[in-house]
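Peer 1: Could you have a look at this structure, given as structure tokens, before my questions?
Values quoted throughout were computed directly from the atomic coordinates according to the rules given, and no laboratory measurement underlies them. Computed from a predicted structure; not experimentally measured. Methodologically, a virtual Cβ is constructed for each residue, glycine included, from the backbone with ideal geometry; neighbour enumeration extends over all protein chains shown.
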Amino acid sequence: MDLPGPIHEILVLFGGFVLLLGGLGVVLLTNPIYSAFSLGLVLVCMSLFYFLLNSYFVAVAQLLIYVGAINVLIIFAVMFVNGLEWSKDKNSWTIGDGFTLLVCITITFSLMTTIPDTSWFGILWTTRSNQIVE
Amino acid sequence: MFLLHEYDIFWTFLIIASLIPILVFWISGLLAPVSKGPEKLSSYESGYYMFALVFVVFDVDTVFLYPWAMSFDVLGLSVFIEAFIFVLILVVGLVYAWRKGALEWS
């Protein structure tokens with residue numbers, strides 16, 4: 001979007017922060033309905049990112065399909081869960097959890113270092129003469 | 001309001017459309033009696049699961065047809081035939097859902 005500089009950055013940071021919080025909420029909340037609505041918040045944040053990158057169609061398609069259809073399906077599936085059977089004991093770490101944490105941290109940091117260093121402008125899939133609209 | 005002044009009416013609409021459900025749920029939460037019971041924690045099936053499934057399929061279908069519809073006048077005959085084949089493939093899915101009884105109301 002053609003927003004003034006600081007507002008664009010504030011929206012990106014806000015969206016990223018809410019996305020992270022929503023992601024943590026999906027994983028860590030014990031009530032599965034809250035978890036499913038938190039997933040809806042994550043998908044809405046992704047749609048906000050698409051708006052900020054000038055991809056209006058993809059952003060609206062994201063809202064329509066992911067939030068409007070897929071999230072609704074997930075909530076329907078979660079409704080089948082019997083409420084009396086939720087686990088109320090404390091979440092304790094297992095060895096598999098620690099290994100997964102290491103792998104995810106490695107992937108995160110390798111992505112954080114490779115993405116800014118790649119020259120994305122060098123990747124051109126279509127040439128200019130293939131445009132349909134003249 | 002603060003940004004994108006040509007979208008003022010849209011922001012107003014969005015704010016009012018967001019405030020009404022929030023207001024409704026809040027007032028209902030204040031005024032309704034609270035009753036706890038084991039029935040409230042049991043699983044709930046509203047019967048609309050099959051409709052949500054069919055909706056996902058045809059929503060994705062529709063989203064793929066929107067760009068084709070917008071640029072229909074500059075695309076040629078071959079693209080029309082391709083879109084027709086795409087819709088035919090989805091009609092096969094529709095016939096499957098129909099014969100499986102997913103479109104029954106009861």
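Peer 1: If Lys and Arg each add +1 and Asp and Glu each add -1, what is the summed charge of the other residues whose beta carbon sits under 12 Å from the beta carbon of B:W68?
Peer 2: -3
Peer 1: Taking 30 Å as R0, compute the FRET efficiency from the Cβ-Cβ separation of B:I89 and A:F109 and round it to 0.05.
Peer 2: On the way: r = 43 Å, r/R0 = 1.42.
The formula returns an efficiency of 0.10 here.
Peer 1: Another question, if that's okay. Summarise the partner chain shielding of A:53-60 as one whole number: the mean count of Cβ atoms from other chains within 10 Å of each residue's Cβ.
Peer 2: Working: counts 0, 0, 0, 0, 4, 1, 0, 2.
For peptide A:53-60, the averaged partner shielding equals 1.
Peer 1: Moving on. May I ask you to sort A:H8, B:H5 by Cβ crowding, counting other Cβ atoms within 10 Å and putting the fewest first? Kindly include the intermediate steps, with their values, before the conclusion.
Peer 2: On the way: A:H8 13, B:H5 8.
So the residues, fewest neighbours to most, are B:H5, A:H8.
Peer 1: Contour minus end-to-end for B:S18 and B:Y49, with contour as 0.36 nm per residue of separation and end-to-end as the Cα-Cα distance?
Peer 2: Values: separation 31, 0.36 × 31 = 11.16 nm, distance 2.56 nm.
That pair, B:S18 and B:Y49, stretches by 8.6 nm at full extension.
Peer 1: With a Förster radius of 51 Å, plug the Cβ-Cβ distance of B:F80 and B:E6 into 1/(1 + (r/R0)^6) and report the FRET value to the nearest 0.05. The partial results should precede the final answer.
Peer 2: Working: r = 35 Å, r/R0 = 0.68.
It comes out at approximately 0.90.
Peer 1: Say R0 is 45 Å: what FRET efficiency, to the nearest 0.05, do A:L52 and B:E39 get from their beta-carbon distance?
Peer 2: Numbers: r = 45 Å, r/R0 = 1.01.
The value I calculate is 0.50.
Peer 1: Taking neighbour Cβ counts within 10 Å as the exposure measure, how do A:I74, A:I33 sort from fewest upward?
Peer 2: Fewest-to-most Cβ neighbours within 10 Å comes out as A:I33, A:I74.
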